[in-house]
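The values are calculated or read from the model by the stated rules, or taken from the named source; none is laboratory data. Remember, it's a predicted structure, so these values are computed and weren't measured experimentally. Every residue, glycine as well, gets a Cβ built from its backbone with ideal geometry; the counts of neighbours run over all protein chains shown.
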Amino acid sequence: MSTSIDIAFIGGGNMATAIIGGLLRQGTAPASILVIDPVAEQRQRLTDTLGLQTAAGPDEALRTARTVVWAVKPQQFKDAAQSYAPLTGQALHYSVMAGLRTDDIARLLGTPRIVRAMPNTPALVGQGMTGLFARAEVSADERAAIEDMVRSTGAHLWVAQEADLDAVTALSGSGPAYVFYFIEAMMQAAQDMGLSAEQGRLLAQATFAGSTALAQQSDVSPSVLRERVTSKGGTTYAALTHLESAGVKDAFVAAMRAAQQRAAELGDEFGR
């Protein structure tokens, strides 16, 4: 193993792999990245496919890391922090662990230099959305370095208050599941109307992708775009009238509030 690394990942799962892929696309040298993961097969995959340095547990090379990315399960962090804190005091810490608040991370690691993130799974294909919160002790240069790290995984948004990450979790963190839920519903409707599931999937996916692209490139609000598709007495009007009468919008908003509340509850549970 090299005696000097730049970025260390504690945990080598999907989100870590997405960030690493972005770093490599930006030109980061594989030899400057260390991934620590207890699963031998995972370490072998990262070494064979990406050329990364890996370790099964605490390694002295961590002392040279400028940034440590925490990508373990939140319930595993307390034990992991005891092992890794003595080796990572010099580093900026970047957490993608759901729920864990920076006060608790700082207490367990013994350092306040922490950026907490709420990414989502489209980061795996470079189309993610990451909410970011930085503690006051994080410098402007360190914030810029974090932006560079996440940029290749998609878009990002800084929030001024850490509690706002609970709302980010409810909207974009959990958001891909809502989209997949509606795609499933459209596939079911396709079959009910005589099309195949595959035809329904293609129609639904293309519609979501195209509508999102139109919304991003348009200078008008989504409500105006919706109105432009909706002729009174037409097919879209019939569908939207049914959705409104069924209370779908209110239920959807309430669902995201439930996700926000659960995110706050997880912070309480994991921080104990």
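Some observations on this one:
- Selection within segment 163-186 - touching a strand residue (DSSP E or B) at 6+ places or on another chain (Cβ under 7 Å) and over 16 Å from GLN127 (Cβ atoms): LEU165, VAL168, THR169
- The criterion of being touching a residue at least 24 places away in the same chain (Cβ under 8 Å) and under 13 Å from the mean Cα position of the chain (by Cα) does not hold for ALA177.
- Among the residues of segment 85-101, those identified as among the hydroxyl-bearing types (Ser, Thr, Tyr) and surrounded by 24 or more Cβ atoms within 10 Å (Cβ to Cβ) are TYR94, SER95.
- Residue identified as part of a helix (DSSP H, G or I) and free of Cβ contacts under 8 Å to residues at least 24 places away in the same chain among ASP148, ASP141, ASP166: ASP141
- Qualifying residue in segment 109-119 (condition: in a helix (DSSP H, G or I) and either in contact (Cβ under 8 Å) with a residue 12 or more places away in the chain or not assigned by TED's automatic domain parsing to the domain that holds ALA209 (or both)): yes
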